[in-house]
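> Sharing a structure here in structure tokens format.
The values are calculated or read from the model by the stated rules, or taken from the named source; none is laboratory data. It should be emphasised that the depicted structure is a prediction, and the values quoted were computed from it without experimental measurement. We place every Cβ from the backbone using ideal geometry, glycine too, and count neighbours over all the protein chains shown. SASA here: full protein model, heavy atoms, side chains in, ligands and nucleic acids out. Shrake-Rupley method; radii C 1.70, N 1.55, O 1.52, S 1.80 Å.
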Amino acid sequence: MLEDYFQELKHDLRGALSKRNHPFKYGYLTTVDEQLQPRARTVVIREISESMELIIFTDSRTTKVHQLSQNPKASLLFYNSKSLRQIRVDGLLEPITDEMEIKRLFQKVSSKSIKDYTTQLPPGSPIKNPDHVEYVERSENHFLPLRFVSNSIELLQLKRPNHLRALYQRTNEDWKGQWLVP
């Protein structure tokens with residue numbers, strides 16, 4: 001039963017990529033800043049491998065990129081309010097540096113989303129008016145794909161008569177599960 005839940009969890013996460021409004025398409029990424037303060041933000045999950053590596057896109061000038069250079073540990077949280085399923089994934093977040101891989105992933109960016117990576121000022125910079133954001137050419141973009149390498153996944157399934165909670169930890173290329181008290 002433990003292995004069945006893990007396979008279902010993987011299927012749910014990977015299936016979210018092909019469904020526009022699936023709640024697992026968006027996750028809450030948490031990193032830690034220089035003052036050891038947790039910083040959470042919503043991210044779009046772009047790819048999920050069979051080994052549970054997740055790909056997200058960002059602007060290379062964001063605070064999360066700076067935070068990851070200091071501490072690559074991160075956490076992703078997903079919640080489906082219809083199925084009452086929560087999934088927390090812990091691991092390391094690293095920039096993708098392979099030029100061919102970056103090019104492949106950049107081709108997935110839609111024309112309407114390219115603005116997310118071409119602002120003249122870094123994200124979070126103060127401005128006087130949101131209608132006056134300036135952009136650079138597409139070729140001068142600040143696109144940076146990040147790879148989230150999962151090392152543990154915790155599932156919480158709310159249900160009656162008993163909630164279910166399980167922890168799956170990566171051991172080399174395999175995952176080992178353990179039931180937990182909910």
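> Within the stretch 71-126, how many residues turn out to be in a loop (DSSP other than H, G, I, E, B) and open to solvent by 90 Å² or more (accessible area, probe 1.4 Å)?
Of the residues in that region, 9 qualify.
> Filter the stretch 23-49 down to the residues that are outside any strand (DSSP E or B) and either touching a Gly at 6+ places or on another chain (Cβ under 7 Å) or open to solvent by 10 Å² or more (accessible area, probe 1.4 Å) (or both) and list them by number.
P23, K25, D33, E34, Q35, L36, Q37, I45, R46, S49
A quick yes/no check of all residues on (1) in contact with a Lys or Arg (Cβ under 8 Å, 6 or more places away or on another chain); (2) closer than 23 Å to L158 by Cα; (3) modelled with pLDDT under 95; (4) among the hydroxyl-bearing types (S, T, Y):
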site: L29; (1), (2), (3), (4): yes, yes, no, no
site: D33; (1), (2), (3), (4): yes, no, yes, no
site: T42; (1), (2), (3), (4): no, yes, no, yes
site: S51; (1), (2), (3), (4): no, no, yes, yes
site: D59; (1), (2), (3), (4): no, no, no, no
site: L68; (1), (2), (3), (4): no, no, yes, no
site: L77; (1), (2), (3), (4): yes, yes, no, no
site: I87; (1), (2), (3), (4): no, yes, no, no
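> Would you check which residues across the stretch 1-54 are more than 17 Å from S83 (Cβ to Cβ), of a type in the set (D, E, K, R) and touching a Ser or Thr at 6+ places or on another chain (Cβ under 9 Å) and list them?
Once the filter is applied, which keeps residues that are more than 17 Å from S83 (Cβ to Cβ), of a type in the set (D, E, K, R) and touching a Ser or Thr at 6+ places or on another chain (Cβ under 9 Å), the stretch 1-54 yields D33, R39, R41, E53.
> Pairs needed: first member in the stretch 122-137, of a type in the set (S, T, Y); second member anywhere, outside any loop (DSSP other than H, G, I, E, B); C-beta distance under 8 Å; at least 6 residues apart or different chains.
Short answer, once both residue conditions are applied: Y135/K115; Y135/T119.
> Go through the residues of the stretch 61-76 one by one and say whether even a single one is over 26 Å from L180 (Cβ atoms) and among the aliphatic types (A, V, I, L, M).
Yes, because at least one residue in the stretch 61-76 is over 26 Å from L180 (Cβ atoms) and among the aliphatic types (A, V, I, L, M).
> Which one of these does R20 not meet: (1) touching a Gly at 6+ places or on another chain (Cβ under 8 Å); (2) outside any strand (DSSP E or B); (3) not aromatic (F, W, Y)?
It fails just one condition, (1).
> Restricting the first residue to the stretch 50-65 and requiring it to be in a loop (DSSP other than H, G, I, E, B) and buried (at least 18 other Cβ atoms within 10 Å of the Cβ), which pairs with a second residue that is polar (S, T, N, Q) and at pLDDT 95 or above meet a Cβ separation below 9 Å and a spacing of at least six or different chains?
Short answer, once both residue conditions are applied: M52/S150.
> For the stretch 155-182, which positions are of a type in the set (D, E) and assigned to a strand (DSSP E or B)?
Within the stretch 155-182, just D174 meets the criteria.
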